[in-house]
Amino acid sequence: MRVVWTEKAEKQLNQIFHMIKKYPNGILVIFLTLLSLACSGNSDIHTQLSDSSFQTLQLNPVFEFTESDEIAFQQINSVKSNNERNIIVHDFRQPFLFMFDEIGNFLKTIGREGQGPGEFQQIMSFMITQDQLWVIDSSANKIEKFEYQDTEYVHVKSISLEKDESAGVLLGKTEEGFLIKNRYTIHANRKDNPTEQSISLINENGKIVRDPIFMVPIPEQVTARGSGNTLNAGKSFGNRSLLAFDGTSQVYSLWTDSLSIDTYSIEGDHRYAFSHPVEPVRITDEEINSALNRYDKIFHADLKRQLPDVKPVVSNLIMDDRQRIWVELLTEGLGHGWFCFTKEGEPLYKIDIPMAGAELQEIHQDRVLWNYLNEDGAPTIAVSEINIPEI
């Protein structure tokens, strides 16, 4: 028999359970979570989701593009668009960004390899705010600022970061400065002391305003030993933290084993946002064997003992330009797709994934940006249009 949570107490127990899993020794964290839940005004529990909970929206393919004589993609990390509908692409293995027009024609690269102003050694992430483009270089520990002028991005400022570990992932921009998920060191074999990474607020001079605002656990790690060798790696089918900034004052956070979302303000105030009970998909024997085959056979037995029984239910999380929450779900009841919720957790829409392995990067001005590997194995960007009704 399937049990659907309907009482406030059961919701609170669910939240506490997930906090215990994240922070096995975090008694203080659990206490603060209890206090936060008790004080929160949002105490509704949502019922079991089904297909009828969502309005299915149709994607209309517009165009796609891949490498050409002018450009060569290697490992696409992120794809975003500006208000002019130019498409900006970050290839993790290249020290510059690619810029395309609104129909996918290559325009130019932004930045170049080097150590000077507007130059990069290792781009970690980028974001677009109005007419500004901000790019983090993790090797040079800096942020480069560009402004959109006369159809191109012009370099205007270099910002040296006060702390080396700050050169991580840009989450958003506030009046006070940048929200950044910092870099971290993995200690996969220290199971009694899980490593976390901090989210910090850094001002436009590179100085730390608030560190940390809050902490999130690192992706689940696995340790295996065999024939005198030790392997520390990301856990196959492991869970991780996902974050999305609403563009104003709140960061939305979840741990991928459940559809349970919390929020953090830029001052660090922590509140429960919403949750829905969903049933995870079990891992098949074929999938287990495929995961183990990526490693040397001497580690297989140890790795297999540490494999979970089920897959994460959430694969990705984004906030669109109208502050709607989109999550990529893989569940028994709903299948695999992207599902949209209000910030209060009310289910709205569903879109299907248009091609195998496609990663949704952004929903902006009713356009959806994807990246995937085409039949030839080449990194490819696809653009779809979608008609999203007003709420």
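Within region 191-203, work out how many residues are modelled with pLDDT of 90 or more and open to solvent by 60 Å² or more (accessible area, probe 1.4 Å).
Residues flagged as modelled with pLDDT of 90 or more and open to solvent by 60 Å² or more (accessible area, probe 1.4 Å) within region 191-203 amount to 0.
Cβ contacts < 9 Å: first residue over 14 Å from ALA356 (Cα atoms) and among the acidic types (Asp, Glu), restricted to region 377-388; second residue open to solvent by less than 10 Å² (accessible area, probe 1.4 Å) and at pLDDT 95 or above, any location; separation 6+ or different chain. Result?
Cβ pairs passing all conditions: GLU385/VAL368.
Can you tell me which condition GLY377 does not meet? The list is (1) within 26 Å of LEU259 (Cα to Cα); (2) of a type outside the set (D, E, K, R); (3) open to solvent by 10 Å² or more (accessible area, probe 1.4 Å), and all the others hold.
(1)
Residues being more than 18 Å from PRO217 (Cβ to Cβ) and in contact (Cβ under 8 Å) with a residue 12 or more places away in the chain: count how many of those fall in region 249-272. Give the steps one after another, and end with the answer.
To start, the set of residues in region 249-272 that are more than 18 Å from PRO217 (Cβ to Cβ) comprises 249-250, 265-267, 269, 271.
From the residues that got through so far, the ones that are in contact (Cβ under 8 Å) with a residue 12 or more places away in the chain too are 249-250, 265-267, 271.
Total meeting the criteria: 6.
Tell me which residues, restricted to region 318-337, are within 15 Å of ILE261 (Cα to Cα), open to solvent by 10 Å² or more (accessible area, probe 1.4 Å), in contact with a strand residue (DSSP E or B) (Cβ under 7 Å, 6 or more places away or on another chain) and not acidic (Asp, Glu). Spell out how you get there, then give the answer.
Step one: of region 318-337, the residues within 15 Å of ILE261 (Cα to Cα) are 318-319, 323-329.
Applying the additional criterion that residues be open to solvent by 10 Å² or more (accessible area, probe 1.4 Å) yields 318-319, 323, 328.
Filter once more, so that each one left must be in contact with a strand residue (DSSP E or B) (Cβ under 7 Å, 6 or more places away or on another chain): 318-319, 328.
Of everything in region 318-337, those that are within 15 Å of ILE261 (Cα to Cα), open to solvent by 10 Å² or more (accessible area, probe 1.4 Å), in contact with a strand residue (DSSP E or B) (Cβ under 7 Å, 6 or more places away or on another chain) and not acidic (Asp, Glu) turn out to be ILE318, MET319.
Restricting attention to region 284-294, does a residue exist that is open to solvent by 20 Å² or more (accessible area, probe 1.4 Å), in contact with a Gly (Cβ under 6 Å, 6 or more places away or on another chain) and either part of a loop (DSSP other than H, G, I, E, B) or within 20 Å of THR342 (Cα to Cα) (or both)? If you could, list the steps in order and put the result at the bottom.
Step one: list which residues in region 284-294 are open to solvent by 20 Å² or more (accessible area, probe 1.4 Å), which gives 284-290, 293-294.
Checking which are in contact with a Gly (Cβ under 6 Å, 6 or more places away or on another chain) leaves us with none.
Scanning region 284-294, I find no residue that is open to solvent by 20 Å² or more (accessible area, probe 1.4 Å), in contact with a Gly (Cβ under 6 Å, 6 or more places away or on another chain) and either part of a loop (DSSP other than H, G, I, E, B) or within 20 Å of THR342 (Cα to Cα) (or both), so the answer is no.
Count, please, the residues in region 76-114 that happen to be farther than 16 Å from GLU385 by Cα and open to solvent by 50 Å² or more (accessible area, probe 1.4 Å).
Qualifying residue count for the region: 10.
Quick one: in region 361-374, of everything that is of a type in the set (D, E, K, R) and open to solvent by 30 Å² or more (accessible area, probe 1.4 Å), which residue is modelled with the highest pLDDT?
To start, the set of residues in region 361-374 that are of a type in the set (D, E, K, R) comprises 362, 366-367.
After this cut, where a residue has to be open to solvent by 30 Å² or more (accessible area, probe 1.4 Å) as well, the list is 362, 366.
Values: GLU362: 98, ASP366: 93.
Ranking the candidates gives GLU362 first.
When you scan region 169-178, do you find a residue that is at pLDDT below 90 and part of a loop (DSSP other than H, G, I, E, B), even just one? I'd like the intermediate steps shown before the answer.
Filtering region 169-178 for residues at pLDDT below 90 gives none.
No - not one qualifying residue is present in region 169-178.
Restricting to strands (runs of 3 or more DSSP E) lying wholly in region 210-263: which have 2 or more residues that are closer than 16 Å to LEU329 by Cα and of a type in the set (A, V, I, L, M)?
Details: elements: 221-226, 229-234, 241-245, 250-255.
Qualifying strands (runs of 3 or more DSSP E): 241-245.
If only one of ALA140, ALA188 is in a loop (DSSP other than H, G, I, E, B), open to solvent by less than 50 Å² (accessible area, probe 1.4 Å), at pLDDT below 90 and not basic (Lys, Arg), which one is it?
Result of the check over ALA140, ALA188: ALA188.
Just wondering, is there one or more residues in region 15-29 that are assigned to a helix (DSSP H, G or I), at pLDDT 50 or above and farther than 23 Å from PRO277 by Cα?
yes
In the list HIS276, HIS270, which residue meets the criterion of being open to solvent by less than 20 Å² (accessible area, probe 1.4 Å) and of a type outside the set (D, E, K, R)?
On the way: HIS270 fails: open to solvent by less than 20 Å² (accessible area, probe 1.4 Å).
Sole residue among the options that is open to solvent by less than 20 Å² (accessible area, probe 1.4 Å) and of a type outside the set (D, E, K, R): HIS276.
LEU231: under 12 Å from ASN182 (Cβ atoms) and touching a residue at least 60 places away in the same chain (Cβ under 8 Å), yes or no? Walk me through it before giving the result.
Working: under 12 Å from ASN182 (Cβ atoms): no; touching a residue at least 60 places away in the same chain (Cβ under 8 Å): yes.
When the stated conditions are applied, LEU231 does not pass them.
The values are calculated or read from the model by the stated rules, or taken from the named source; none is laboratory data. Because the structure is predicted, anything quoted here is derived from the model rather than measured. In this analysis, Cβ positions are derived from the backbone assuming ideal geometry, glycine residues included, and neighbour counts consider all displayed protein chains. Accessible surface areas use protein heavy atoms only, side chains included; no ligands, DNA or RNA. Shrake-Rupley method; radii C 1.70, N 1.55, O 1.52, S 1.80 Å.
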